[in-house]
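K.L.:
Take a look at this one; I'll ask things after.
Please treat every number below as a calculation from the coordinates, not as lab data. Keep in mind it's a predicted model, so treat the numbers as computed, not measured. FYI the Cβ positions are ideal-geometry reconstructions off the backbone, even for glycines, and counts take in every protein chain you see.
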Number of protein chains: 2
Amino acid sequence: MSASALNDPSLRAWIDIPFQHDFPIQNLPFGVFETDERGPRLAVAIGDYVLDLYVLSSFGFFDDLTELGDAQPRVFRRRSLNGFLRLGRPAWRAVRQRVSELLRHDNADLRDHPEAARAALVRQRDVAMLRPVKPANYTDFYSSLTHAANVGTMFRGPENPLLPNWRHLPVAYHGRASSIVASGTPIRRPQGQMLLPGGDAPSFGPSQQLDFELEMAFIVGTASTLGTPVATEEAENHIFGLCLFNDWSARDVQSWEYAPLGPFLGKNFGSSLGAWVVTLDALEPFRTAGPVQEPTPLPYLQTVGDHHFSIQLEAALAPAGGPETVLARPTFQGLYWSMAQQLAHHTSNGCNLEVGDVCASGTISDPDAFGSLLELAGRGTQPVPLADGTTRAFLLDGDTVTLRAYAEANGVRIGFGEVSGTILPAE
Amino acid sequence: MSASALNDPSLRAWIDIPFQHDFPIQNLPFGVFETDERGPRLAVAIGDYVLDLYVLSSFGFFDDLTELGDAQPRVFRRRSLNGFLRLGRPAWRAVRQRVSELLRHDNADLRDHPEAARAALVRQRDVAMLRPVKPANYTDFYSSLTHAANVGTMFRGPENPLLPNWRHLPVAYHGRASSIVASGTPIRRPQGQMLLPGGDAPSFGPSQQLDFELEMAFIVGTASTLGTPVATEEAENHIFGLCLFNDWSARDVQSWEYAPLGPFLGKNFGSSLGAWVVTLDALEPFRTAGPVQEPTPLPYLQTVGDHHFSIQLEAALAPAGGPETVLARPTFQGLYWSMAQQLAHHTSNGCNLEVGDVCASGTISDPDAFGSLLELAGRGTQPVPLADGTTRAFLLDGDTVTLRAYAEANGVRIGFGEVSGTILPAE
């Protein structure tokens, strides 16, 4: 059975999965969970359950998967996917295929093995999801034309929305890997140095311009060698899958500190990584062309075929105890630069990729759907109305931001779950 | 015996150590080496030898050091210091003190134990030194006023040498941890996108403006908690020690890419980390006041006492097969922002430190001694004469850059060894 057969819309699982659920049998994203009774375990999401891969391995369901070598079962009892990723794509594919087989409605191996099935399937509401990977390095791109132009217009005026380099290369900067946290982890409002409007000297205090950034991140599953660039046509071979990502930002801190070396404390107080990594294999049916690139990129950034993916995104905000308001629904396929181009650019100077690298897209905005409050509220000038009657220029303590994403076709939804975080007051 | 007693200038080792050698008994820096026969081992430098800590541990010389718990001997047979650092400052101090005792001219425990002494002492010329730590995260500061003003003048003109934030906070950016290499590792000339002079569109090719940056880096030995700032008076408790650091830079790539998010491919093709980490304890006699800071920093950046260290630096360049030319001898104590201020700023928003973090100073330039070719050769306009009769605007293939550093007082030199790298032609 080929990898693409796992995407067949007619596949059905023996577990009940509601229509338009994020995690049908065609998806099978990978993550890491723990419970009070179980230490950290690798899992695949199926419907409202996590499927414990350590249990499956321990019961022998992977015994014939030679791609795993002697790494099982222990590689499935880890705090991150990194060890599993190091086994390589054949191992990832072998496990995903076996899980797909075991979950098919016409396969009784797990279904009719009550002891194994009871141990392997745990309701998602009963588990804590961890970061799926220990981030080795974190790079943030800036690949949405609408976002870059919006921000450029705000900071430099409408006659100069994009800097001269923007259409020639996927602009990016290094972020902080240590402060990437799991979805659900509260985000403490940072303190920082800022220049208040009209002030002639900076002050230090809690950020008053705390923001979210709706992003997607790809996870590097295959390392590259220092000194050896990865060509665009090889780039996707280094990607394991995609995650939701929220790159929380303190705009007042950022705008005072960022020249000339880029964002630092305005970003590195915390970023939230979605719990589930959707494999590139599961997204294969959603390949699509990207926007026309004008001027034509230099040869090292040119690609053949479709390297964008049709994914619907959503950002929502809920005040403490209040109802949620959907703020924007941009699309992932609107990004100007593809992941293949980002990765080829990143390595074009010989920079090496490591397993577990997190490479985020930058804020994703469509012309009518902005992925940050900075853009939605016009740098604070047009506060956004919420369902509870209040408005937001920037985030308030107690606000919860939730990002969601899915691809959908032929009645099958490949969902990413959600990434959420609630703002705690400054210390 | 207190930690400071180990710095007593009258201490002598039973190993012959030439006058003004980098590694007398008062220094005892930590590193990691391997040989054809031995896998990676932790070591301390003494004279022309490395002292194999795994051997000392295996022979029982650390048996009574309860600070090591049950981590020995295996913690000394690792590819990085990270595991040893996680044991904490009491363990670092206990090992350094025991090593000092064992090497004292009046201590016979190791000296008169031929089997142990022969196994433990290996000539430095017979070993390969590795990166001392696996870098967890890498941050590069920009803390030399002379360097920042030189670069600012070149890029923005003499009326605007420093940006408004520079005297208010230690400007920094995140670098790439994956491409930090050991001293001696050749550096491949990177290819990259750049805008050639007079061009109206960028091209892609080997960098023509390859440069070095003379820096010092501190190594984080004690982690901090996400969401909890570290105050200036606590900052040095998180620092294990200091290393030489060369932040190789492709100026043409950097100047085209860096706006608005900072340096990326112009830097992340490689950075070189010195083999020996000199502990803060060994540098204690060299504390000194820093420059007067005007305006007075905000309270969270204020310090009491001396937090700079008097260290003499040197950058030298040797063409392939040619003699070496010393290019500059700036000083570490000239930095505007101290390490304590850098670390307090870095965590002021709650950003967490991890064991093995590398935090570099940024290029260190004194008014008459510049730490980069960019500054030495006036952005290429005044090529630097070398001892072989050639000149350099930027680095040529085959050039070797070597950085050195030492502190010295009362006839005792606390040296850092060197960090060197040779430029290989582009692929």
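K.L.:
If contacts are Cα pairs under 8 angstrom and at least 6 residues apart, what is the relative contact order of the range B:11-65 in percent?
P.N.:
26
K.L.:
To continue, here is another question. For B:Phe286, B:Phe212, what's the fewest-to-most ordering of other Cβ within 10 Å of each Cβ?
P.N.:
By the 10 Å Cβ count, ascending: B:Phe286, B:Phe212.
K.L.:
Turning to a different aspect of this structure: Cα gyration tensor of the range B:60-171, axes a ≥ b ≥ c as square roots of the eigenvalues: rounded (a/c below 1.5), prolate (a/b > b/c) or oblate?
P.N.:
Cα axes put the range B:60-171 in the prolate bin.
K.L.:
Using the Kirkwood formula over every pair of different C-alpha atoms, what hydrodynamic radius in Å results for the protein assembly as shown?
P.N.:
Over the protein assembly as shown, the inverse of the mean reciprocal pair distance is 28.3 Å.
K.L.:
I want to verify a result. In a Gaussian network model of chain A, Cα cutoff 10 Å, which of these has the top mean-square fluctuation: A:Val278, A:Val32, A:Val127?
P.N.:
Taking springs between Cα atoms under 10 Å, the residue moving most is A:Val127.
K.L.:
Let me know the mean shielding of B:267-280 by other chains, meaning the per-residue number of their Cβ atoms within 10 Å of its Cβ.
P.N.:
Neighbouring Cβ atoms belonging to other protein chains average 2 per residue here.
K.L.:
Over all pairs of distinct alpha carbons, what does the Kirkwood formula give as the hydrodynamic radius of the range A:3-129, in Å?
P.N.:
Result for the range A:3-129, one decimal place: 14.6 Å.
K.L.:
Using a 7 Å offset from Cα along the direction of the beta-carbon, what are the separations from A:Asn160 to the same position in each other copy, nm, ascending?
P.N.:
Result, one decimal in nm: 0.8.
K.L.:
Other chains near B:198-205: what is the mean number of their Cβ atoms within 10 Å of each residue's Cβ?
P.N.:
For peptide B:198-205, the averaged partner shielding equals 3.
K.L.:
On to the next question. Where does each of A:316-325, B:161-170 land if you order them by average Cβ count within 10 Å, highest first?
P.N.:
B:161-170, A:316-325
K.L.:
Quote the relative contact order of the range B:3-129 in percent (integer), defining contacts as alpha-carbon pairs under 8 Å separated by 6+ residues.
P.N.:
Contact order relative to length: 31 percent.
K.L.:
For a quick protection proxy, order the peptides B:135-141, B:199-205, B:399-405 by their average other-Cβ count within 10 Å, most packed first.
P.N.:
B:135-141, B:399-405, B:199-205
K.L.:
Taking chain A as a Gaussian network, where each spring joins two C-alpha atoms under 10 Å apart, which residue of A:Thr222, A:Thr331, A:Thr153 fluctuates the most?
P.N.:
Judging by the Gaussian network model, the answer is A:Thr153.
K.L.:
For B:Leu81, enumerate residues with amide H under 5 Å from its amide H, sequence gap 5+ or separate chain, H modeled in the peptide plane.
P.N.:
B:Val133, B:Lys134
K.L.:
For chain B, modelled as a Gaussian network with Cα springs under 10 Å, which listed residue fluctuates most, B:Ser361, B:Ser255, B:Ser80?
P.N.:
Highest fluctuation among the options: B:Ser255.
K.L.:
Using the charge dipole of chain B (Lys, Arg: +1 at Cβ; Asp, Glu: -1 at Cβ; taken about the Cα centre), state which of B:Tyr258, B:Gly411, B:Ser143 has its Cα farthest towards the positive end.
P.N.:
Sorting the options by dipole projection puts first B:Tyr258.
K.L.:
Considering only the range B:138-424, what is the antiparallel percent among its DSSP beta bridges, to the nearest 5?
P.N.:
Around 85 percent of the beta bridges assigned by DSSP in the range B:138-424 are antiparallel ones.
K.L.:
Label-to-label distances across copies for A:Asp397, with labels 7 Å out along Cα→Cβ, in nm, shortest first?
P.N.:
Going from nearest to farthest copy, the values are 6.1 nm.
K.L.:
Something else: Non-local amide H neighbours of A:Ile187 (under 5 Å, H modeled in plane, Pro and chain starts lacking H): which ones?
P.N.:
Sorted by chain and number, the residues that satisfy this are A:Thr422, A:Ile423, A:Leu424.
K.L.:
In nm, what does the list of distances from B:Pro425 to its counterparts in the other copies look like, shortest first, when each label sits 7 Å along Cα to Cβ?
P.N.:
6.6
K.L.:
Follow-up question, since we're still on this one. Hey, can you grab everything whose amide H is under 5 Å from the amide H of A:Thr325? Only 5+ residues off in sequence or another chain; H modelled, so Pro and N-termini drop out.
P.N.:
A:Leu317, A:Ala318, A:Ala387
K.L.:
Closest beta-carbon to the B-to-A rotation axis: which chain B residue owns it, and what is the separation in whole Å?
P.N.:
Here the value is B:Gly262, 1.
K.L.:
As a test of the definition: which semi-axes, in Å, follow for chain A when you take the square root of five times each eigenvalue of its alpha carbon gyration tensor? Largest first, please.
P.N.:
The answer is 36, 25, 20 Å, longest axis first.
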